[in-house]
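Readers should treat all values here as calculations from the given coordinates under stated rules, not as data from a laboratory. Quantities reported herein were computed from a predicted structural model and do not represent experimental measurements. Because the Cβ atoms are built from the backbone with ideal geometry, glycine has one as well, and the counts that use them run over all protein chains shown.
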Amino acid sequence: MKEGGVYCSPACGNDCTYEAFDRANRMAKELAKSLTAKTGRQWHPNVWENLGWHWSAVCEGSRLTVSPLNHGVDDGYHAFISMCDEPTIGGGEFVASGPTAYHAVKAVVDKYKEDLAHRAECGKALPSKLME
Ligand SMILES: [Zn+2]
């Protein structure tokens, strides 16, 4: 759908620009690269169109993703851990935000760890016979 700088599918119809598409790709690659360096795990760039070009980075072999809060402006990131087999459904998710992608990722993993600790604590109060 490239036509005079417009790069947009009929399903979107927002007259997204090729420039925005190109930027989303660059930002996604940068995001994945920096998180790969900071977390010691491989992250992959992800770009999609939905009334504008959006991007995220996905951590390989896990259900951890991170994307900017506002796809035009640098005002922070949110990170998700999906509990669903199909992450796009988005059920049972952990969500956290932070000023940088790394902060957001760290925050959502901390939330997950807190939740695990809380569940373990609740489990201790259950009748031990039923927990066998
Ligand atoms: Zn579009």
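Placing +1 on the Cβ of every Lys and Arg and -1 on the Cβ of every Asp and Glu, with nothing else charged, gives the chain a dipole about its Cα centre of roughly 520 debye. Per-residue ellipticity at 222 nm computed for the chain from its helices equals -12000 deg cm²/dmol, with DSSP H segments shorter than 4 residues left out and the rest contributing -39,500 (n - 2.57). From least to most packed, judged by other beta carbons within 10 angstrom and beginning with the fewest, Met131, Met83, Met27 follow the order Met131, Met83, Met27. Residues considered: Gly40, Gly76, Gly52. Largest GNM mean-square fluctuation over the chain, using C-alpha springs under 10 Å, is found at Gly40.
The Rg/Rh ratio for the chain is 1.12, where Rg is the radius of gyration of the alpha carbons and Rh is the Kirkwood radius. Just want the answer: with Cβ charges of +1 for Lys and Arg and -1 for Asp and Glu, which residue in Ser97, Pro127, Ile81 is farthest toward the dipole's positive end in region 3-131? Of the listed residues, the answer is Pro127.
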